[in-house]
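**Student:** Handing you this structure, nothing more for now.
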Amino acid sequence: PVVTSSPFQIKSADKLILPGVGAFQPAITRLKKTGLYDAIVEKVTEGTFILGICLGMQLLFTVSYENGVHNGFNLIEGEVVHFQNVSKVPHMGWNSVEIVGKSRLFEGIRDGEFFYFVHSYYCKPEKNENIAAISEYGGSFCAAVEKGNVFGVQFHPEKSHCPGLKVLENFIKL
């Protein structure tokens, strides 16, 4: 694995992981300013697998309403919206995840397994067939997406112990 901010290294990658902690607008602006946005779009269009984690998943979507209206990668059609009618934001802690359908990311993971979340916004895919997993916080929300070579998880697999490591292992094996 290589951690990089170089568009040239992105172009030679076998797989991409787009991590994220922070806010949508500064992240997408920085990706565009550094040339990473175009390099990522080019690689994913060629069929390279990408995994967005937390904010990285949100960036895969069409639009976010975090601090205004901001366009994302549009690799998954849908929007990123703020939690409403919940007791506390951000949603932070361990939640069980219900696997929806057959997902390559969740192979070998028990339905109802717990993952660690930290987020104030969540993704609403236009097409239910792109939802790989859901969780609950003030209602049901999309916890993971899968569309062809594009994958995203709202939770932090790196903080989610064995189930999270299994998600990362499954992605690496694609």
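**Student:** As a check on your grasp of the helix formula, calculate [θ] at 222 nm for the chain: sum -39500 (n - 2.57) over DSSP H runs of n ≥ 4, divide by the residue count, round to the nearest 500.
**Tutor:** -6500 deg cm²/dmol
**Student:** Something else: Taking the beta-carbon count within 10 Å as an exposure proxy, list VAL167, VAL80, VAL89 from fewest neighbours to most.
**Tutor:** Numbers: VAL167 29, VAL80 23, VAL89 14.
Ascending Cβ contact count within 10 Å gives the list VAL89, VAL80, VAL167.
**Student:** Starting from the Cα of LYS102, draw a straight line to each of the aspartates and glutamates and keep only those under 14 Å, dropping any in the same chain fewer than 8 residues away.
**Tutor:** ASP111, GLU129, GLU146
**Student:** Based on DSSP, what percent of beta bridges with both residues in region 7-172 are antiparallel, to the nearest 5? Don't jump to the answer; show the numbers that get you there.
**Tutor:** Values: 25 of 36 bridges.
For region 7-172, the DSSP antiparallel bridge percentage is about 70.
**Student:** Tell me which of ASN95, VAL81, ILE50 sits at the most positive position along the dipole axis of the chain, charges placed on C-beta atoms (Lys, Arg +1; Asp, Glu -1).
**Tutor:** It is ILE50.
**Student:** Note the per residue figure in Å³ for the convex hull of the C-alpha positions in region 7-172. Please list the in-between numbers first.
**Tutor:** Numbers: hull volume 16.9 nm³, N = 166.
In region 7-172, the Cα convex hull volume per residue is 102 Å³.
**Student:** To the nearest 0.05, how large is the calculated FRET efficiency for THR34 and SER120 if R₀ is 25 Å and r is the Cβ-Cβ distance? Could the numbers behind the result be given before it?
**Tutor:** On the way: r = 25 Å, r/R0 = 1.01.
The pair THR34/SER120 has a calculated efficiency of 0.50.
Each reported figure results from applying straightforward, stated rules to the coordinates on display, with no laboratory input. Since the model is a prediction, treat every value here as computed from it, not as a measurement. Quick reminder, even Gly has a Cβ in these numbers, built from the backbone with ideal geometry, and neighbours come from all protein chains shown.
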